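Shown next, in structure tokens, is the structure this report addresses.
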Amino acid sequence: MDDLNRIQSSNCTKIFIQRDYNDGTTVKFSTKFPQELEGKMLKKINRYVIDQNEKVYIPRGLMLVDPSERGLRVVSFY
């Protein structure tokens, strides 16, 4: 198991998400995406959401909201 974890983590990029202490020590994180997440990954998510909206949801009277607009915390529809 240790070898598997080592192989997987060696191929991954580590990303730091800043903790937000503006309201004291309440557990809360920055809502601003790190630069590493602003690039390829979010563009892929955005393209996927647009494609799914056009092909699946809008024809059925729904619209999927891009999860990156909600801090990748929820999936919501209109």
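All conditions in (1) more than 29 Å from Ile17 (Cα to Cα); (2) under 11 Å from the mean Cα position of the chain (by Cα) hold for Asp66, with the sole exception of (1). Scanning region 48-78 for residues that are surrounded by fewer than 11 Cβ atoms within 10 Å (Cβ to Cβ) and within 21 Å of Ile15 (Cβ to Cβ) returns Arg73, Val74. Filtering region 1-60 to residues that are polar (S, T, N, Q) and either modelled with pLDDT of 80 or more or within 19 Å of Ser76 (Cα to Cα) (or both) leaves Asn22, Thr25, Thr26, Thr31, Asn46, Gln52, Asn53.
The values are calculated or read from the model by the stated rules, or taken from the named source; none is laboratory data. In this text, all values refer to a predicted model and were calculated from it rather than measured experimentally. Reconstructed Cβ throughout: ideal geometry from the backbone, glycine too, with neighbour counts over all protein chains shown.
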